[in-house]
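Quick notes on the structure that follows.
The values are calculated or read from the model by the stated rules, or taken from the named source; none is laboratory data. Nothing here was measured: the structure is a model prediction, and the numbers come from that model. Ideal geometry is used to build each Cβ from the backbone, glycine not excepted, and the neighbour counts take in all protein chains shown. With ligands, DNA and RNA removed, areas are computed over all heavy atoms of the protein, side chains included. Shrake-Rupley method; radii C 1.70, N 1.55, O 1.52, S 1.80 Å.
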Amino acid sequence: MQAKSHRMMEVSAIRLPVDPFQSYGRMRMALYETAPGLTVMSDLLPDKMDGVYCLETDTILIDRRIDLTKKRCTLVHELVHRWYGDDGDGHYTAKQEMRCRLETARLMVRVDDYADAERMYDGDAFLIAAELDRTVQVIRDFQRLLRDGVACRGLPDLP
């Protein structure tokens with residue numbers, strides 16, 4: 001990937017009501033003040049679903065069985081769906097889901113941190129994810145941003 005060879009990543013246009021670099025617990029607590037109309041709950045979700053956002057009730061559900069790293073990444077992911085007003089109750093179009101995944105990666109990974117981890121672990125997504133305390137999915141999505149040059153240009157408009 002060679003993140004160092006890319007220009008500095010543009011700042012995302014998305015403004016989350018929390019800092020995506022906080023712990024899961026701190027984000028949850030901060031949401032009481034910064035997004036009082038939003039309800040965030042834990043529950044047992046079906047299949048391999050880690051989280052879901054419901055536009056109608058302004059509610060995020062996070063699967064209680066997943067670890068804290070995955071909960072934090074999932075919460076940011078669902079907050080991105082909320083920011084875009086995605087109405088799918090967990091069933092989004094492929095374009096909506098990809099847009100959300102790429103924005104989540106952009107919001108949760110700093111270019112300099114990624115570049116250092118990439119050098120240390122020779123681009124291994126699993127080791128980079130462990131080093132940066134992110135999910136492998138977030139790291140792979142960030143690698144896609146770098147590979148496609150989107151990290152420098154910004155995301156394309158996706159409906």
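The number of residues in region 52-99 that are open to solvent by 40 Å² or more (accessible area, probe 1.4 Å), more than 15 Å from ALA35 (Cβ to Cβ) and basic (Lys, Arg) comes to 4.
For region 112-122, a residue qualifies if it is open to solvent by 20 Å² or more (accessible area, probe 1.4 Å) and of a type in the set (A, V, I, L, M, F, W, C), and exactly one does: MET120.
In region 123-135, of all residues being modelled with pLDDT of 95 or more and over 12 Å from VAL109 (Cα atoms), the one that is most open to solvent (accessible area, probe 1.4 Å) corresponds to PHE126.
Filter region 2-35 for residues that are part of a loop (DSSP other than H, G, I, E, B), more than 15 Å from the chain's Cα centre (by Cα) and at pLDDT below 95 and give the result. Quick ask: steps written out before the conclusion?
Our first condition is that a residue be part of a loop (DSSP other than H, G, I, E, B); within region 2-35, this holds for 2, 6-23, 35.
Add one more test, that the residue is more than 15 Å from the chain's Cα centre (by Cα), and what stays is 2, 6-10, 35.
Scanning region 2-35 gives GLN2, HIS6, ARG7, MET8, MET9, GLU10.
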